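Here is the structure we will look at, set down as structure tokens.
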Amino acid sequence: MKGGRFLFANAGKERNIQSDMMRRGIRKDDRMEEELERERGTEKRLRWRAGSRGRIFLLALFLLLVLWNVRLQVQLGQTKPDMEVYLPQDLYVAVGSAVELYNNQVVICGMEDAYILNWNCQIGQNLKECFYVEGKEEQIGDYPLILEIYDWNGNLVRKLTSTLHVVDNRLDREYSVLNIGDSLSNGREWYRDVFYLSDGKVTFTGTRGWTKYSHEGRSGFSPQDYLTETEYPFEDEGVHPFYDPVQQMFDWNYYKINTGIDPDVIQIFLGVNGLKDDPTDNIDAIAQMVNNIRKYDQEIPIYIVNTPYLGDQDHLGRMELPNGDPWFQGEYKLRYDRRILHLMEGLDRKLGNYSHVNFIPLALMHDSVHNFDENEALHPNDEGYDQFAACMYSVYCGTLKLQLP
């Protein structure tokens, strides 16, 4: 019995020892698990903190980019060149002639190639420097012409529309045209070019020049000179024939009575002389001439030629007066461009609703980049005068028949 009790007691002790060891093992495992959990928690907290710092950094970076972009947009807005645009509602090209609309003359701004111009029309060509169209007999008719202006991000900035008229180049009768102007119409080659384009149907009359190319063009004359008692100094002509000394004013009836000249059409080609940043004086003077003509000839067609843009800055800077002084001293190209555009806009506003008053958009259709000879910024070369004639004759063909059938 004692031996049995001893064995039993020993077995019990072993079981107690095993049980105790198991409990200790469990506690050890629990501690290890708790330690692992703490480590995992620490790792999660570290990852979260790292992630938070990353998110904060990305948010800060995003805000900085937003602020930079806003500042950039403000700066771009401040430096973005002003854009001014003029495009007439109606444009003409006669069969057999070609005309261009030059991008840098339709749109005036302070930076070259600041905008992208896209011309859209069923006919013609959308070129790098201009819209080009040649009048073809099979295309006689009217076509919508759309001009879209984009910035260099592809954003549409302006959209303008006009109507392009392809017209017959044959006139049914003869027309005599009296041109009143400055040096750009003082016996220049475009008179002869128009005469031949019209097959002799359009002739020019006046007290100056030659039989079929006569005119009233006087070098250096401004619109105001024709309203006042101004002498033409270059050829001892005396006071111009439009000035009535009794009324002391420009008077169309006085001119007709004293010269015996009574044309079918009057053309006023003035504006470059006396032109200022504010073109009001020239606009009002031309309007005064038109109003006086209308007083005596209410239905006579009157054509206003938009004086062309000058040559580039090198041509302006090198052009000299006869005495060798700079012709355009202290002037720069952009200023004159804006003056001419504002003159076109102002004349359109002032006279655009007049009956039988038509505009010839020469300023838009003459290549002022390439068609001036060296040291010349005002008077074009032969190619330039060809463009003068094509532009004028196209407008004649599209409008004269409607006004003088």
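The values are calculated or read from the model by the stated rules, or taken from the named source; none is laboratory data. This is a predicted model, so every value here is computed, not measured. Note: ideal-geometry Cβ built from the backbone for every residue, glycine included; neighbour counts use all protein chains shown. SASA here: full protein model, heavy atoms, side chains in, ligands and nucleic acids out. Shrake-Rupley method; radii C 1.70, N 1.55, O 1.52, S 1.80 Å.
Per 0.36 nm of contour for each residue apart, how much would the distance between ARG173 and GLU189 grow if the chain were fully extended, relative to their Cα-Cα spacing?
3.5 nm
Post the alpha-carbon centroid distance, the range 128-150 to the range 340-401, in whole angstrom.
If you average the Cα positions of each part, the centres end up 17 Å apart.
Which whole-number percent is the relative contact order of the range 162-229 (Cα, under 8 Å, 6+ apart)?
It comes to 36 percent, rounded to a whole number.
Once you treat every alpha carbon in the range 173-307 as an equal point and sum by Debye, what is log10 I(q)/I(0) at q = 0.20 Å⁻¹?
Each listed q corresponds, in turn, to -1.27.
Over the Cα atoms of the range 108-172, what Rg and Dmax result, in angstrom?
Looking at the range 108-172, its Cα Rg and Dmax stand at 14.6, 51 Å.
Percent of accessible area on the range 287-379 owned by carbon and sulfur, 1.4 Å probe?
Carbon and sulfur: 41 percent of the exposed surface of the range 287-379.
Could you state the number of Å between the C-alpha centres of the range 156-215 and the range 237-285?
That distance is 19 Å.
Measuring from label point to label point, each 7 Å out along Cα→Cβ, what is the ARG349 to LEU156 span in nm?
Those two pseudo-labels are separated by 2.7 nm.
Relative to the compact globular guide of 2.2 N^0.38 Å, what is the alpha carbon radius of gyration of the range 283-331, as a ratio?
Here the answer is 1.81, to two decimals.
Provide, for the range 252-405, the number of lysine pairs with alpha carbons under 22 Å apart, each pair being eight or more places apart or on different chains.
4
How would you classify the range 93-243 from its alpha-carbon gyration tensor, with a ≥ b ≥ c the square roots of the eigenvalues: rounded for a/c under 1.5, else prolate if a/b is greater than b/c, otherwise oblate?
Oblate, because a/c is 1.5 or more while a/b does not exceed b/c.
Determine which aspartates and glutamates satisfy two conditions relative to LYS201: a Cα distance under 20 Å, and not lying fewer than 8 residues away in the same chain.
The qualifying aspartates and glutamates are GLU137, ASP168, ASP172, GLU174, GLU189, ASP193, GLU216, ASP262, ASP264, ASP386.
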